[in-house]
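The values are calculated or read from the model by the stated rules, or taken from the named source; none is laboratory data. Everything numeric in this text was worked out from a predicted model, so none of it was measured. Here Cβ is always computed from backbone atoms with ideal geometry, including for glycine, and neighbour counts include all displayed protein chains.
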Amino acid sequence: MTTEDAVAAAAATEEAVSTTTASEAAVDAVTRQAVDSLSATADPRLRDLLTALVRHLHAFARETRLTQTEWEQAVGFLTATGQACTDTRQEFILLSDVLGLSMLVETLHGHSAPGTTESTVLGPFHLTQSPDRELGDIIDLVGDGEPCVVSGRVRTADGTPLPGAVVDVWQADAHGFYDVQRPDAQPPGNGRGLFTTDAEGAFWFRTCVPSPYPIPTDGPVGTLLKASGRHPYRPAHIHFIATADGHAPVTTHIFVAGGAHLDSDAVFAVKDSLVKDFTPTDDPSLAREFGVPNPFRHARFDLVLERE
Ligand code: BEZ
Ligand code: FE
């Protein structure tokens, strides 16, 4: 390299550095202005949330050097997510679920007092009011699954039963669909029930053994899963919300022990303590007592609430 070449190269490097420096300064200025614009937000919590959101969004764009085309694709994706929402479908909750955000928020704030039932995500299918049911009612109104009895008590960690507690239950049918997904094949309220515990805090109902199912993949969330090479399955489960006066409510599931996808739930919602035996039971007189065909499966577990 001649001296002249070296001088030219040094000048070019200097120019590149100063361009980079200038653009980084401009980038920082945009972030500063956007953050400063929020300083008059009256609600301090809202101000904190918006400020952190802007800072993290800007950091994301800076770290990934987000391009204009990618920004347009992201806007298109979020627009399609909103457009996929209906009265019976919540694609934004689904998006939050598959990104692990729902479970993260749940884990940050879920109930974890020793001995109480752990919580997990609500999911997008608690959209309709569960019908009131009597203890022992059948919630699988279609009746083409493996018969199952679910029983337990709502109680406190020290064993005190909670009579009059409300247990809201919802589950997919034997084919892996919720009633709202298949209104042509399932009556409204299929797989759902609102039960009130008896004087011993006990609840029980008859249903079918749930099966693993794919979360809906015919919308933008399905496109995202496919692009990232992920399967859409959730392990078999039944949802519960238990509430009792003077106690913190719990939103949770029970998962079928030994079932598929327990270690790769599409929405990251499995906790070991929520995996329960659905015990195969071959006992004609017990089946008669419960009013189910023999053999059947029996899941027994307690919903344990924390005093407020
Ligand atoms: C559900 O279990 O109902 C569910 C939860 C998260 C995403 C999709 C479905
Ligand atoms: Fe579910």
Which of the residues spanning the range 262-289 are within 30 Å of LEU95 (Cβ to Cβ) and surrounded by 17 or more Cβ atoms within 10 Å (Cβ to Cβ)?
LEU262, ASP265, ALA266, VAL267, PHE268, ALA269, VAL270, LYS271, LEU274, VAL275, LYS276
Test of understanding: among SER102, SER130, which residue is in a loop (DSSP other than H, G, I, E, B) and assigned by TED's automatic domain parsing to the domain that holds PRO220?
SER130
Looking at (1) away from ligand 2 (no atom under 16 Å from the Cβ); (2) at pLDDT 95 or above, which one does ASP144 not meet, given that it meets all the others?
(2)
Out of everything in the range 79-110 that is in contact (Cβ under 8 Å) with a residue 24 or more places away in the chain and within 12 Å of GLY219 (Cα to Cα), what residue ends up being nearest to ligand 1 (Cβ to nearest atom)?
LEU94
Take GLU70 and decide whether it is surrounded by 12 or more Cβ atoms within 10 Å (Cβ to Cβ), on the phi < 0 side of the Ramachandran plot and part of a helix (DSSP H, G or I).
yes
Residue tally, condition over 25 Å from HIS231 (Cβ atoms) and free of Cβ contacts under 8 Å to residues at least 60 places away in the same chain, over the range 111-125:
2
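Quickly run through the range 133-142 and pick out the residues that are over 29 Å from PHE268 (Cβ atoms) and either part of a loop (DSSP other than H, G, I, E, B) or outside the structural domain of PRO232 (by TED's automatic domain parsing) (or both).
Correct list: ARG133, GLU134, LEU135, GLY136, ASP137, LEU141, VAL142.
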Taking the range 233-242, which residues are surrounded by 18 or more Cβ atoms within 10 Å (Cβ to Cβ) and not hydrophobic (A, V, I, L, M, F, W, C)?
ARG234, PRO235, HIS237, HIS239
Which residue, of ALA113, ALA80, is modelled with pLDDT of 95 or more, more than 17 Å from the chain's Cα centre (by Cα) and surrounded by 12 or more Cβ atoms within 10 Å (Cβ to Cβ)?
ALA80
State all residues of the range 219-257 that are small (Gly, Ala, Ser), in a helix (DSSP H, G or I) and within 16 Å of ligand 1 (Cβ to nearest atom); if no residue qualifies, say none.
GLY222
Among the candidates ARG192, ARG230, residue that is away from ligand 2 (no atom under 14 Å from the Cβ) and at negative phi
ARG230
Suppose we keep only residues that are within 21 Å of LEU127 (Cα to Cα) and of a type outside the set (Val, Ile, Thr) within the range 245-254. Which one would you say is surrounded by the most Cβ atoms within 10 Å (Cβ to Cβ)?
HIS253
Do any residues in the range 126-138 that are closer than 19 Å to ALA202 by Cβ have Cβ atoms under 9 Å from those of residues that are among the charged types (D, E, K, R) and surrounded by 14 or more Cβ atoms within 10 Å (Cβ to Cβ), where the two are at least six apart or on different chains, and which pairs are they?
SER130/ASP168; SER130/ARG192; ARG133/ARG192; LEU135/ASP198; GLY136/ARG206; ASP137/ARG206; ILE138/ARG206
Note on PRO216: of the conditions (1) within 13 Å of ligand 1 (Cβ to nearest atom); (2) within 26 Å of SER112 (Cβ to Cβ), unmet is (2)
Does the range 114-134 hold any residues that are away from ligand 2 (no atom under 16 Å from the Cβ), closer than 16 Å to THR243 by Cα and out of contact with any Lys or Arg (no Cβ under 9 Å at 6 or more places or on another chain), and which are they?
THR116, THR117, ASP132
Please enumerate the residues belonging to the range 190-213 that are more than 16 Å from ligand 1 (Cβ to nearest atom) and either at pLDDT below 90 or in a loop (DSSP other than H, G, I, E, B) (or both).
THR197, ASP198, ALA199, GLU200, GLY201
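Every residue, every condition in (1) in the same structural domain as PRO249 (by TED's automatic domain parsing); (2) farther than 19 Å from ARG300 by Cα; (3) surrounded by 19 or more Cβ atoms within 10 Å (Cβ to Cβ), yes or no:
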site	(1), (2), (3)
VAL121	yes, yes, yes
HIS126	yes, yes, no
ASP144	yes, yes, no
ALA157	yes, no, no
VAL167	yes, no, yes
GLN181	yes, yes, no
PHE195	yes, no, yes
